[in-house]
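So the structure is just underneath, and the comments pick up after that.
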Amino acid sequence: MKIILNGEQKECPKGTTIEKLLDLYKIDKNRAAVELNLKIVPRKELSARMLNDADILEVVTFVGGG
Amino acid sequence: MLVADRIKKKLEDKELKIGKYVFTSRLFVGTGKYTSMEVMAEALEASGAEVVTVAVRRVKINESESLLDYIDTKKYKILPNTAGCYSADEAIRVARLARETGMSDMIKLEVLGDEKTLLPDPIETLKATTVLVKEGFTVLVYTSDDPIVAKKLEDAGATCVMPAGAPIGSGQGILNKNNIRIILESAKVPIIVDAGVGTASDVTMAMELGCEGVLLNTGIALAKDPVRMAKAMKLACESGRHAYLSGRIPKKLYAKASSPSFYLPVYFFTLIKNIWFSCCPYVVYMCAVRIGKHNGYHLVRL
């Protein structure tokens, strides 16, 4: 199935959880926050929440800033 | 008690309280614009800061290096900002995401008006403050140096109000000291000057005015030697704070000698000369009167 991760289209197998997707792209979940279809996903739910086709995912972290 | 211990006790300062957080250092520094992460880490250390600001951005996929590899989150309190947001809704979204990382419920709220001036949008800033305060954030809000806006943000529940000294990254220092003074006069929350700091004396000035702290980034990051500038900013912040707490002397128009003018060990000749010169006009005048009287003239007294 196809999802949009940070504005880029990505392929992932059905039944992938958000946590698995983050692992797949080597994103440290302890340093990131996730928004699924414009709604924040609480950290505790990352391992349980399944992705569906055409989901829009935003994963953010901290970068240098003032 | 040793003199050194007595002095240490006298120079103690109360801690800076921002909501439920307590800090010793009053200098907050940013993590942007450094030439490398290593330099940034060194500058943070040299600045003695306990709070460091960061920005919230999309994770770059397949990029291994992370800012957080260089910031010890046990040592530094992370203060995420909402930089780059031009509406209350955008800023609120970024703030919520920042909190969801689980690293900080503090947010440096900035909602800007336009890209050219990077000046804050007071209306959107106030809107976002109200919402975020309700959601339980510790809101440190960036604003202009307008005392009325600052007051409204305080009334909306901001934990800390952060007026700009000058536009972001401009290095112009504190352009309107009087406005900062007016803000400080009525504020019941900590006031931290944020943005516009160019060099150490700007930090000192903010602290001397009575601000609780200073937040800066570019002044250090883009200095030729950022690590040394970080140290300078640290010292400047401490200097200004001590000067403020000490209570400065009032400004006077005329000189006032620091040393006593009596019992000066001068040569006898100099003493006579000084006495002679100081009474010379009077002696000449009196002589003229006497001679005049002797010759039958009466000089009019001046």
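Quick note: the coordinates plus some simple rules give every number you see, no bench work behind them. Every value quoted in this text rests on a predicted model; they were computed, and no experiment measured them. Cβ coordinates were reconstructed from backbone atoms using ideal geometry, including for glycine residues, and neighbour counts include every protein chain displayed.
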Note to self: Can you compute the helix-only [θ] at 222 nm over chain B? Use -39500 (n - 2.57) per DSSP H run of at least 4 residues, normalise by all residues, nearest 500 deg cm²/dmol.
What the structure shows: -13000 deg cm²/dmol
Next item on the list: Note the angle between two axes, namely the Cα long axis of helix B:226-246 and the longest principal axis of the Cα atoms of chain B, as a number of degrees from 0 to 90, rounded to the nearest 10.
Entry: 60 degrees
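Which pairs, out of B:Lys20/B:Lys127; A:Lys10/B:Lys77; B:Lys10/B:Lys108, put more than 25 Å between their alpha-carbon atoms?
Values: B:Lys20/B:Lys127 23 Å; A:Lys10/B:Lys77 35 Å; B:Lys10/B:Lys108 33 Å.
Violating the 25 Å limit, Cα to Cα: A:Lys10/B:Lys77; B:Lys10/B:Lys108.
As a check on your grasp of the helix formula, calculate [θ] at 222 nm for chain A: sum -39500 (n - 2.57) over DSSP H runs of n ≥ 4, divide by the residue count, round to the nearest 500. Present the calculation step by step, with values, prior to reporting the outcome.
Details: 1 runs with 7 residues, N = 66.
Helix contribution divided over all residues of chain A: -2500 deg cm²/dmol.
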Item checked: Using alpha-carbon coordinates, inclination of helix B:177-186 to the longest axis of chain B, degrees -> 70 degrees
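Taking Rh as the Kirkwood radius computed over C-alpha pairs, what is the Stokes-Einstein D of the stretch B:230-302 at 25 °C in a medium of viscosity 0.890 mPa s, expressed in µm² per second? Each step should come with its number before you reach the end.
Numbers: Rh = 18.4 Å.
In µm²/s, the coefficient is 133.
Going by how many other Cβ atoms sit within 10 Å of their own, how do B:Thr218, B:Thr143, A:Thr61 line up, fewest first? Walk me through the intermediate numbers first.
Working: B:Thr218 19, B:Thr143 27, A:Thr61 24.
Ranked by crowding around the Cβ, least crowded first: B:Thr218, A:Thr61, B:Thr143.
Would you work out the relative contact order for chain B, in percent, from Cα pairs under 8 angstrom that are 6 or more residues apart? If you can, show how the numbers build up before the last one.
Details: 495 pairs, mean separation 46.3, N = 302.
Relative CO of chain B lands at 15 percent.
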Next item on the list: For B:Trp276 and B:Leu245, compute 0.36 nm times the residue count separating them, minus their Cα-Cα distance, and round to one decimal in nm.
Entry: 6.3 nm
Item checked: Orientation-averaged projected area, Cα convex hull of the protein assembly as shown (nm²) -> 30.8 nm²
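Only sites in a loop by DSSP and with at most 14 other Cβ atoms within 10 Å count here; which GluC sites (Glu not before Pro) in the stretch B:44-142 make the cut?
Values: sites: B:Glu45, B:Glu50, B:Glu63, B:Glu65, B:Glu90, B:Glu100, B:Glu110, B:Glu115, B:Glu124, B:Glu135; in loops: B:Glu50, B:Glu63, B:Glu65, B:Glu110, B:Glu115, B:Glu135.
Here the sparse-neighbourhood loop sites are B:Glu63, B:Glu65, B:Glu115, B:Glu135.
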Note to self: Ratio of alpha-carbon Rg to the 2.2 N^0.38 Å globular estimate for the stretch B:180-245, to two decimals, please.
What the structure shows: 1.10
Notebook entry, point to check: What is the dipole size for chain B, taken about its Cα centre, with +1 at each Lys and Arg Cβ and -1 at each Asp and Glu Cβ, in debye to the nearest 20?
Noted result: 1940 debye
Next item on the list: Just the ratio, please: alpha-carbon radius of gyration of chain B over 2.2 N^0.38 Å, N its number of residues.
Entry: 1.51
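Arrange the following residues from fewest to most other Cβ atoms within 10 Å of their Cβ: A:Lys10, B:Lys116. If you can, show how the numbers build up before the last one.
On the way: A:Lys10 15, B:Lys116 7.
In order of increasing Cβ crowding within 10 Å: B:Lys116, A:Lys10.
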Item checked: Rg and Dmax of the stretch B:64-146, Cα atoms only, in Å -> 13.4, 43
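Using a simple charge model, +1 on the beta-carbon of Lys and Arg, -1 on the beta-carbon of Asp and Glu, nothing else, what dipole does the stretch B:200-278 show about its Cα centre, in debye to the nearest 20? Don't skip to the answer; put the middle values down first.
Values: 10 positive and 5 negative charges, 53 e Å.
In debye, rounded to 20, the stretch B:200-278 gives about 260.
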Notebook entry, point to check: So, with +1 on the Cβ of K and R and -1 on the Cβ of D and E, and no other charges, what is the size of the charge dipole of the stretch B:1-62 about its Cα centre, to the nearest 20 debye?
Noted result: 320 debye
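Run the numbers on chain A and let me know its relative contact order in percent, using alpha-carbon pairs under 8 Å that are six or more apart.
Working: 98 pairs, mean separation 29.1, N = 66.
Relative contact order, chain A: 44 percent.
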Note to self: Distance between the C-alpha centers of the stretch B:1-43 and the stretch A:45-66? Whole Å please.
What the structure shows: 35 Å
Notebook entry, point to check: Which values of log₁₀ I(q)/I(0), to two decimal places, follow from the Debye formula for the stretch B:1-93 at q = 0.13, 0.21, 0.22 Å⁻¹ with a uniform point scatterer at every Cα?
Noted result: -0.61, -1.15, -1.20
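Just the Kirkwood number for chain A, please: inverse of mean 1/r across all distinct Cα pairs, in Å, one decimal.
Result for chain A stands at 12.0 Å.
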Item checked: Per-selection Kirkwood Rh - the stretch B:147-261 (Cα, Å, 1 d.p.) -> 15.1 Å
Note to self: Tell me which of B:Ile180, B:Cys279, B:Gly102 sits at the most positive position along the dipole axis of chain B, charges placed on C-beta atoms (Lys, Arg +1; Asp, Glu -1).
What the structure shows: B:Cys279
Next item on the list: Mind jotting down the distance between the C-alpha centroids of the stretch B:170-196 and the stretch B:224-246, whole Å?
Entry: 17 Å
Checklist line | Listed peptides A:26-33, B:277-284, B:205-212 by packing density, highest first (mean Cβ within 10 Å) | finding: B:205-212, A:26-33, B:277-284
